[in-house]
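Have a look at this one.
The values are calculated or read from the model by the stated rules, or taken from the named source; none is laboratory data. Everything numeric in this text was worked out from a predicted model, so none of it was measured. Reconstructed Cβ throughout: ideal geometry from the backbone, glycine too, with neighbour counts over all protein chains shown. Each accessible area value is taken on the protein alone, full model and side chains, heavy atoms only, with ligands, DNA and RNA left out. Shrake-Rupley method; radii C 1.70, N 1.55, O 1.52, S 1.80 Å.
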Amino acid sequence: MSTTGAYNLPMCTLRNSKLSSAKLRNVYNVSSLKHFQLNSITLSSTRTGKIATRAMSGSNEHQPVSGLPIDLRGKRAFIAGVADDDGYGWAIAKSLAAAGAEIIVGTWVRALNIFETNLQRGKFDKSRSLPDGSLMEITKIYPLDADFDNPEDVPENIKTKKQYAGCKNWTVQEVAESVKKDFGSIDILVHSIANGPEVSKPLLETSRKGYLAALSASSYSHISLLKHFAPIMNPGGSSISLTYIASKRIIPGYGGGMSSAKAALESDIRVLAFEVGRKNKIRVNAISAGPLRSRASKAVEYIDSMIDYSLANAPLQKPLSAEEVGNAAAFLASPLASAITGSVICVDNGLNAMGVGGDSPTFKGLYLLNPN
């Protein structure tokens, strides 16, 4: 579940610094990638003309690899919606980087300054650690507000806000054009964007404005991204979005039209899989991820209760990690998933399969719930 929280930031400012090259170890559930080498140079955002960091493997692309690895060397991924280091967007970026892909991101304009600052000061270095001990690198960061398709859509009161005043080219169309100018093409598109300004309200108390805002930010943003990025995606490319079980099941507390937005998103996945599959030869899928305790998800009042419920009732009674969702995304982006499109893959320890909660008093003492 990804619900974007608001940040109170000063005017966009330019900061450049050398990223730490310290190597930190981390356990990661992907194939052995010890032959990958990632190179680090100076970080840059789109407001400079420089591209400073790379997440491409420096190894020989023709080097034999044993087993059945996820190999994304030579691929480029654009991930929309990365604003911190503890959400699913970040985890997906790490898994794609671990598999050898080059990483570029689009960060919400209002969160851009703090994201860049924390990245440059090394506050994310521990969470940037990859399986081979190197650090994930981001080639370029673009300011992005996926609520707006092109400059003509932006109202004057948004243009004059101090968070936006120092930035430019941040609508979906402009970002796609900038990526094309800077890189030519991409292979992987990740939609990790959701926002419901009235998410804490029951549906009956949600205003029309709040309901439509949730659909605009959380589902139509995916259509807009594909509309503008599909033309610059290489044939065989992969688009991945994030959804949540509230699209199909009642989740009290997940309100403000967000359940409707996720349902719309999943319906769009199927239609877009057909349209861009035929037109651009691109696969379109979604991951229905279990609840995650992240900074963004704090906008959902009962997030801790949702996580506790999942842990108590899912077939696999273990915490769900962001890495597990990231690894599923790496699989969907890889040639191993070349025949998968129009699908919603559940990565939630199996909670989606349950019809009744195992913690229900009705089943107290049932041996299957306590086999040991």
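Can you find a residue in the stretch 277-286 that is part of a loop (DSSP other than H, G, I, E, B) and either open to solvent by less than 10 Å² (accessible area, probe 1.4 Å) or closer than 19 Å to L204 by Cβ (or both)?
Checked against the condition, which is being part of a loop (DSSP other than H, G, I, E, B) and either open to solvent by less than 10 Å² (accessible area, probe 1.4 Å) or closer than 19 Å to L204 by Cβ (or both), the stretch 277-286 yields at least one hit.
Taking into account only those residues within the stretch 201-232 that are in contact with a Phe, Trp or Tyr (Cβ under 9 Å, 6 or more places away or on another chain) and open to solvent by 10 Å² or more (accessible area, probe 1.4 Å), which is farthest from S288 (Cα to Cα)?
Checked the stretch 201-232; the qualifying residue farthest from S288 (Cα to Cα) is I232.
Of everything in the stretch 95-108, what is out of contact with any Leu (no Cβ under 7 Å at 6 or more places or on another chain) and assigned to a helix (DSSP H, G or I)? Give them in sequence order.
The answer is S95, and nothing else.
Let me ask another. Any idea which of A322, A328, A353 is more than 24 Å from A264 (Cβ to Cβ) and among the aliphatic types (A, V, I, L, M)?
Going through A322, A328, A353 in turn, the sole match is A322.
Does any residue of the stretch 120-135 turn out to be hydrophobic (A, V, I, L, M, F, W, C) and closer than 30 Å to G277 by Cβ?
The answer is no, given that none of the residues of the stretch 120-135 is hydrophobic (A, V, I, L, M, F, W, C) and closer than 30 Å to G277 by Cβ.
Same structure, new question: Scanning the stretch 109-130 for residues that are outside any helix (DSSP H, G or I) and without any contact (Cβ under 8 Å) to a residue 40 or more places away in the chain, which turns out surrounded by the most Cβ atoms within 10 Å (Cβ to Cβ)?
F124
So, one more: Which one of A176, A230, A217 is among the aliphatic types (A, V, I, L, M) and touching a residue at least 60 places away in the same chain (Cβ under 8 Å)?
The match here is A217.
Does G256 satisfy the condition of being modelled with pLDDT of 95 or more and assigned to a loop (DSSP other than H, G, I, E, B)?
Against the criterion (modelled with pLDDT of 95 or more and assigned to a loop (DSSP other than H, G, I, E, B)), G256 qualifies.
Would you confirm, using the coordinates I've provided, whether N352 is touching a Cys at 6+ places or on another chain (Cβ under 6 Å), on the phi < 0 side of the Ramachandran plot and modelled with pLDDT of 85 or more?
Yes; evaluated as a whole, the condition is true for this residue.
Output the residue which, of all residues in the stretch 66-89 that are farther than 14 Å from F331 by Cβ and either among the basic types (K, R) or not in a loop (DSSP other than H, G, I, E, B) (or both), is most open to solvent (accessible area, probe 1.4 Å).
R76
Scan the stretch 315-328 for residues that are more than 14 Å from L292 (Cβ to Cβ) and within 18 Å of the chain's Cα centre (by Cα) and jot them down.
Once the filter is applied, which keeps residues that are more than 14 Å from L292 (Cβ to Cβ) and within 18 Å of the chain's Cα centre (by Cα), the stretch 315-328 yields only N327.
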